[in-house]
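No lab work stands behind these numbers, since they all come straight from the coordinates. All of these numbers come straight from a predicted model, not from anything done at the bench. Cβ placement follows ideal geometry from the backbone for every residue including glycine, while neighbour counts extend to all protein chains displayed.
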Amino acid sequence: MPTFSFTIDAECPASWARAGTIQTPHGTISTPIFMPVGTQASVKSVSPEELREAGAQIILANTYHLMLRPGSRLIAEFGGLHNFMHWDGPILTDSGGFQVFSLGHLRKLSEEGAAFKSHLDGSAHMLTPESVMRIESELGADIILPLDICASYPCSHEAAQEAMEMTHRWAERALVAKEQYRPEQTLFGIVQGAFEPELRRQSACYIGNLPFPGLSIGGLSVGEPKAEMWELLSAVTPELPRDKPRHLLGVGSPEDLVMGVSLGMDMFDCVLPTRVARHGCLFTRQGRVNIKASRFSAQHGPVEEGCDCYTCRNYSAAYVHHLARAEEQLYYRLGSIHNIRFMLRLASEIRASILAGTFPEFRDTFLAQYVPTSEKVREDQREKWKAARSRLS
RNA sequence: GUGACCGUAGCUCAAUCGGCAGAGCUCUGGAUUGUGGCUCCAGCGGUUGUGGGUUCAAGCCCCAUCGGUCACC
């Protein structure tokens, strides 16, 4: 019995979309899948039981954060992350590569690795491809990621190439280092290449040809325009081996999920659904809504008509609105549960449409119906501008 | 009853020698993409208690009046 396998259940002839099944030591995952993010061994405000009920199949945790607090050795003493956090399903740990990027002012990069000052107490730490393998083995996730370098946007060609090549060298070091740790863990490779399609292609080929059982696409959605992100992803997908699962790191929104599947991605993780939920933004099939908006103050129905999440089944929009405005702890839970369930139901509907051979129709219908608020805002601004101009003339 | 102090945005308060009335919160919207856990951006909102006066100019100075707080009788 292999500890990790990926099988393709169906492919969509009109796009890169496919549906698959991933086997891990802690259970199987049906793809495409959205993975809720629990950086500090907790999906903020949501319990493992609630995650299960929302349909979560696999969750993320973060090496950098857990290494600093409570420490990977302590987690190992408790039997690894699964036992420590009482989640018995699959877990993926991110390497801390993104923190190398997002906490840039606290770090120094070298061939050896990334020297850090802790954001918690200023203490000095060194992340290397080798130490990350050791820490992730102590955390004990099913899928682990190697240390990589995420270029910031925009980025010069030289810096982009340098970051990519260092990521490649670090990937090979990680493969070697992993040999001495737990064989039941699966190490994914990370494709980089910044914002140049040619570098992305090179990275996809290079990482795709190394003996990684799965691939993560890193360094996207860090400030570049959406259209650019999709273009970069379209450059990557054709170069990737068909038989390995593809994980689009740190993406995305509901519309990103649909688009990403269409471009051949199988796994998605993102803090967006839980983060925006905490600030009052909830997903519906029509687009995002701000539950704090006064129009919900007396709404008897649920946040989203027809939604099967715990929140929508049991509470009125008016109550959720009230909790959000009052900044009650329960709101964070109810809001997060709704958005997580939204993403997971969307993923499972995408999967069903791929299996049924109707994914292109599903995608087009969804995108026609779902209006990202940013577009609404642009529309509003256009209207205001039109009105202002007509007043002048 | 006497005296002192105070009345500025819905709330809490700024405004130098008299010189374009301002913040925070609330409210109305928006943002957030491998999470540094209540963040960020924008907007609405004013007859400065009221009535007079002085002045080129008054939230500010003077008079009256209403309201509040405190102290004393």
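What is the magnitude of the charge dipole of the range A:98-165 about its Cα centre, with +1 placed on the Cβ of each Lys and Arg, -1 on the Cβ of each Asp and Glu, and no other charges, expressed in debye to the nearest 20? Walk me through the intermediate numbers first.
Details: 4 positive and 11 negative charges, 64 e Å.
For the range A:98-165, the charge dipole is close to 300 debye.
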When the Cα centres of the range A:197-245 and the range A:143-181 are compared, how far apart do they sit, in Å?
-> 13 Å
Helix A:373-392: angle to the longest alpha-carbon principal axis of chain A, degrees 0 to 90, nearest 10?
-> 50 degrees
Would you mind checking which residues have amide H under 5 Å from A:T31's amide H? H placed 1.01 Å from N; only 5 or more apart, or other chain.
-> A:G20, A:T21, A:I22
Student exercise, the range A:227-271 dipole from Lys, Arg, Asp, Glu Cβ charges, in Debye to nearest 20 = 180 debye
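So for the range A:238-314, averaging the separation of alpha carbon pairs under 8 Å that are six or more residues apart and normalising by length, what relative contact order in percent results?
Details: 62 pairs, mean separation 15.0, N = 77.
With pairs under 8 Å counted, the relative contact order is 20 percent.
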Taking chain A, the equivalent ellipsoid from its C-alpha gyration tensor has semi-axes in Å, biggest first, of 33, 25, 23
Between 0 and 90°, nearest 10: helix A:197-209 axis offset from chain A longest Cα axis | 50 degrees
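What is the sum of charges around A:M166, taking Lys and Arg as +1, Asp and Glu as -1, for the other residues whose C-beta is under 14 Å from the C-beta of A:M166? Write down the numbers at each step before the final one.
On the way: positive: A:R107, A:K108, A:R169, A:R173; negative: A:E111, A:E112, A:D148, A:E158, A:E162, A:E165, A:E172.
Computed value for this residue: -3.
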Under a 5 Å amide H to amide H cut-off, with H placed in plane at 1.01 Å, what residues pair with A:I217 once short-range neighbours are removed?
-> A:V191, A:H247, A:L248, A:L249
Enumerate the residues in the range A:125-141 having an amide nitrogen under 20 Å from the point lying 7 Å beyond the Cα of A:N83 toward its Cβ.
-> A:134-141
How big is the charge dipole of chain A about its Cα centre, in debye rounded to the nearest 20, if each Lys and Arg gets +1 on its Cβ and each Asp and Glu gets -1 on its Cβ?
-> 1300 debye
Could you work out how far helix A:157-178 tilts from the main Cα principal axis of chain A, as a 0 to 90 degree angle to the nearest 10?
-> 60 degrees
Which value in deg cm²/dmol, rounded to the nearest 500, describes the helix-derived mean residue ellipticity at 222 nm for chain A, given -39,500 (n - 2.57) per DSSP H run of n ≥ 4 and division by the residue count?
-> -13500 deg cm²/dmol
Furthest towards positive pole of dipole, A:V236, A:Q192, A:V251, structure part the range A:183-299, Cβ charges | A:V251
Cα lying deepest toward the dipole's positive end in the range A:42-93, options A:S72, A:H82, A:S47, charges on Cβ | A:S72
With the dipole of chain A defined by +1 on each Lys or Arg Cβ and -1 on each Asp or Glu Cβ, the option from A:L175, A:T31, A:A204 whose Cα lies farthest towards the positive pole is A:T31
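Which FRET efficiency, nearest 0.05, do A:S42 and A:Q299 yield, Cβ-Cβ r, R0 22 Å? Don't skip to the end; give the middle numbers.
Values: r = 31 Å, r/R0 = 1.39.
Here the calculated transfer efficiency is 0.10.
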Percent relative contact order for chain A, counting Cα pairs under 8 Å at least six residues apart, stands at 17 percent
With contacts defined as alpha carbon pairs under 8 Å and 6 or more residues apart, what's the relative contact order of the range A:84-243 in percent?
-> 20 percent
